[in-house]
Amino acid sequence: MRYFPKLLFLAAALCAQAAPPKPNLVFILADDLGYGDVRCLNPRGRIATPHLDNLAREGMVFTDAHSSSSVCTPTRYSILTGRYNWRSRLKSGVQGGLSPRLIEPGRLTVAEFLRRQGYHTACIGKWHLGMDWALKPGAAPFGDGIEKGEDAWRVDFSRPIANGPNSVGFDYFFGISASLDMVPYTFIQNDRVTVLPTEDRAFPMMLGRPGRFTRKGPAAAGFESSEVLPTLTRKAIEYIRERAAGAREGRPFFLYLPLASPHTPIVPSPAWQGRSGLNPYADFVMETDAAVGSVLEALGQCGLAADTLVFFASDNGCSPEAKFDELIAQGHHPSQEFRGAKADIFDGGHRVPLIARWPGHIQAGSSSPQIVCLMDLFATCAGILGVKLPDQAAEDSVSLLPVLEGRDRQPLREALVHHSINGSFAIRRGDWKLELCRGSGGWSAPTPGSAAERGLPAIQLYNLREDVAERRNLQAEQPEQVAALGRLLARYVAEGRSTPGTRQPNTTPVKTGWPDAAPSPAAK
């Protein structure tokens with residue numbers, strides 16, 4: 001019997017070793033930052049990003065990472081739900097600052113999933129997934145489109161906001177309702193504005209460039225667009241410090257930090273103006289890099305760096321508002337070698353920087369060529385915690401854990417679907433990318449409906465190994481590839497998921513542009 005306590009101790013120790021780790025999770029999302037704007041991904045780039053470069057030296061860089069969409073709202077939907085954005089009711093474009101909640105009632109989010117696993121969850125930053133504002137008597141409700149600024153005065157800002165971030169799994173929220181060029185211009189904490197809007201304001205789209213402004217509408221007194229990045233950074237650091245003691249005692253946290261920069265209005269703080277020597281956008285990128293550095297420093301100061309998995313990414317490609325012509329003339333290309341930019345179906349619209357650091361799990365200085373997507377966050381969290389996801393959740397999310405731990409020996413996913421601002425589809429499998437539109441599907445030439453687009457084939461097919469710039473359309477030469485990829489896309493739509501599991505019924509019609517909407521046995 002004298003051995004019994006020792007056996008109990010040994011059994012407990014073995015169980016503790018077998019239990020999956022529960023790291024803190026920090027997901028930092030830049031807004032409209034180009035793949036080529038991060039120096040570790042673009043050595044020829046002219047913008048200094050020392051903190052992101054150091055994060056890459058301490059972790060892993062993904063060289064073929066993508067957002068599910070080439071614009072804001074859809075990407076954020078896929079990150080939090082783990083499913084393609086086009087499965088939601090929003091089939092094109094983005095929401096406004098007053099649009100209703102997009103995430104469906106009952107839909108499990110990564111935040112709610114982690115909360116059920118004992119995490120404290122926080123969103124600090126740009127939401128842009130809709131929330132239900134209280135309206136003045138008789139006021140017409142808002143839709144999913146971007147509102148005119150004056151329309152926002154239909155809101156009763158003194159009343160609580162329903163169905164915001166707190167309703168989809170976040171214990172705490174501080175931030176803004178949508179992009180910083182959309183009304184209302186005021187911070188929100190949980191379900192209330194921190195300061196009531198009392199005046200009409202607008203901000204220059206780019207500092208020092210006259211003539212173009214954000215939408216004019218309700219603003220809180222004293223609200224300045226240039227103070228949003230510093231404020232969000234400070235709030236994130238405060239949150240980390242508040243949760244540090246609990247995290248060290250085994251109560252982990254999930255911090256989703258969607259920054260509002262370097263999206264328009266492009267307004268670097270006075271201390272950063274002119275620092276890049278290029279233009280205000282490049283200055284703003286440098287300030288965003290410094291903000292990331294401050295958050296990472298806070299993790300280190302609180303003794304949490306070793307126990308925290310940090311992801312950094314951008315929500316889509318760089319916006320033309322960065323003034324590509326100016327930057328390229330000075331030797332810097334925000335899309336690097338890729339064609340297009342934000343809003344486009346081309347890779348410049350959705351290939352994004354993605355860096356991960358997790359000491360003891362991710363090899364420092366490593367990189368991965370795996371085709372991955374930001375919506376893979378959900379399944380990755382489940383994989384880390386050893387929890388099986390229900391069939392009705394994260395239907396398109398794939399766990400990156402094997403890649404992070406250096407155990408990947410084959411492609412993680414069969415294929416990846418892309419989506420542009422006007423709802424155009426593309427599907428990528430291996431080196432092949434099929435695009436179901438004539439042109440960019442976005443803002444780059446040839447634009448949808450333009451004379452230049454009308455003379456082009458209805459379908460585009462590119463081999464990215466041989467033609468990463470997507471210049472040689474092979475659709476006429478490779479009809480078998482076109483047909484196979486088209487059938488695969490149709491199957492993903494029809495089955496309601498792209499990962500193994502029970503088929504999910506489509507709740508909203510999806511028009512891909514591919515004629516066969518039924519699953520094909522040959523594609524299975």
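The values are calculated or read from the model by the stated rules, or taken from the named source; none is laboratory data. Values in this document were obtained by computation on a predicted structure and should not be read as measured data. Here the Cβ positions follow ideal geometry from the backbone for every residue, glycine too, while neighbour counts run over all protein chains shown.
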Does the range 158-173 contain at least one residue that is under 22 Å from residue 222 (Cα atoms), aliphatic (A, V, I, L, M) and in contact (Cβ under 8 Å) with a residue 40 or more places away in the chain? no
Given the criteria assigned to a helix (DSSP H, G or I) and within 22 Å of residue 48 (Cα to Cα), does residue 296 qualify? yes
Output the residues belonging to the range 353-370 that are touching an Asp or Glu at 6+ places or on another chain (Cβ under 7 Å) and crowded, with 23+ Cβ neighbours inside 10 Å. 357
Sort through 144, 171 and tell me the only one that's within 21 Å of residue 263 (Cα to Cα) and either of a type in the set (D, E, K, R) or buried (at least 24 other Cβ atoms within 10 Å of the Cβ) (or both). 144
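State whether the residues of the range 253-271 include one that is surrounded by fewer than 20 Cβ atoms within 10 Å (Cβ to Cβ), over 21 Å from the mean Cα position of the chain (by Cα) and not aliphatic (A, V, I, L, M).
Of the range 253-271, the ones surrounded by fewer than 20 Cβ atoms within 10 Å (Cβ to Cβ) are 269-271.
Then drop every residue that is not over 21 Å from the mean Cα position of the chain (by Cα), which leaves 269-271.
Next, from what is left, pick out any that are not aliphatic (A, V, I, L, M): 269-270.
Yes; the residues of the range 253-271 include at least one that is surrounded by fewer than 20 Cβ atoms within 10 Å (Cβ to Cβ), over 21 Å from the mean Cα position of the chain (by Cα) and not aliphatic (A, V, I, L, M).
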Could you tell me whether residue 195 is in the same structural domain as residue 169 (by TED's automatic domain parsing) and either part of a loop (DSSP other than H, G, I, E, B) or not hydrophobic (A, V, I, L, M, F, W, C) (or both)? yes
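Please find, within the range 497-513, the residue that is surrounded by the most Cβ atoms within 10 Å (Cβ to Cβ) out of those that are closer than 19 Å to residue 413 by Cα and either β-branched (Val, Ile, Thr) or touching a Pro at 6+ places or on another chain (Cβ under 6 Å) (or both). I'd like the intermediate steps shown before the answer.
Step one: list which residues in the range 497-513 are closer than 19 Å to residue 413 by Cα, which gives 497-504.
Next, from what is left, pick out any that are either β-branched (Val, Ile, Thr) or touching a Pro at 6+ places or on another chain (Cβ under 6 Å) (or both): 499, 502.
Values: 499: 19, 502: 11.
Result: 499.
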Out of 450, 420, 424, 440, which single residue is of a type in the set (Ser, Thr, Tyr) and without any contact (Cβ under 8 Å) to a residue 40 or more places away in the chain? 450
Residue set 380, 288; condition free of Cβ contacts under 8 Å to residues at least 40 places away in the same chain, closer than 23 Å to residue 64 by Cα and crowded, with 23+ Cβ neighbours inside 10 Å; output residue 380
Of all residues being in contact with a Gly (Cβ under 8 Å, 6 or more places away or on another chain) and not in a loop (DSSP other than H, G, I, E, B) in the range 198-227, which is surrounded by the fewest Cβ atoms within 10 Å (Cβ to Cβ)? Just the residue, please. 200
Selection within the range 152-177 - within 28 Å of the chain's Cα centre (by Cα) and of a type in the set (D, E, K, R): 171
Which is under 28 Å from residue 23 (Cβ atoms), in contact (Cβ under 8 Å) with a residue 60 or more places away in the chain and within 15 Å of the chain's Cα centre (by Cα), of 40, 72? 72
Given the conditions (1) polar (S, T, N, Q); (2) farther than 25 Å from residue 375 by Cα; (3) touching a Gly at 6+ places or on another chain (Cβ under 9 Å), which single one is not true for residue 186? (3)
Is it the case that the range 434-457 has a residue that's in a strand (DSSP E or B), modelled with pLDDT of 95 or more and crowded, with 22+ Cβ neighbours inside 10 Å? yes
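Being out of contact with any helix residue (DSSP H, G or I) (no Cβ under 9 Å at 6 or more places or on another chain), over 30 Å from residue 23 (Cα atoms), in contact (Cβ under 8 Å) with a residue 24 or more places away in the chain and not charged (D, E, K, R): is that true of residue 133 here? I'd like the intermediate steps shown before the answer.
On the way: out of contact with any helix residue (DSSP H, G or I) (no Cβ under 9 Å at 6 or more places or on another chain): no; over 30 Å from residue 23 (Cα atoms): yes; in contact (Cβ under 8 Å) with a residue 24 or more places away in the chain: yes; not charged (D, E, K, R): yes.
Taking the combined requirement at face value, the residue does not satisfy it.
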Looking at the range 304-417, what helices (runs of 4 or more DSSP H) fall wholly within it and have at least 2 residues that are modelled with pLDDT of 95 or more and under 21 Å from the mean Cα position of the chain (by Cα)? 347-350, 377-385, 401-404
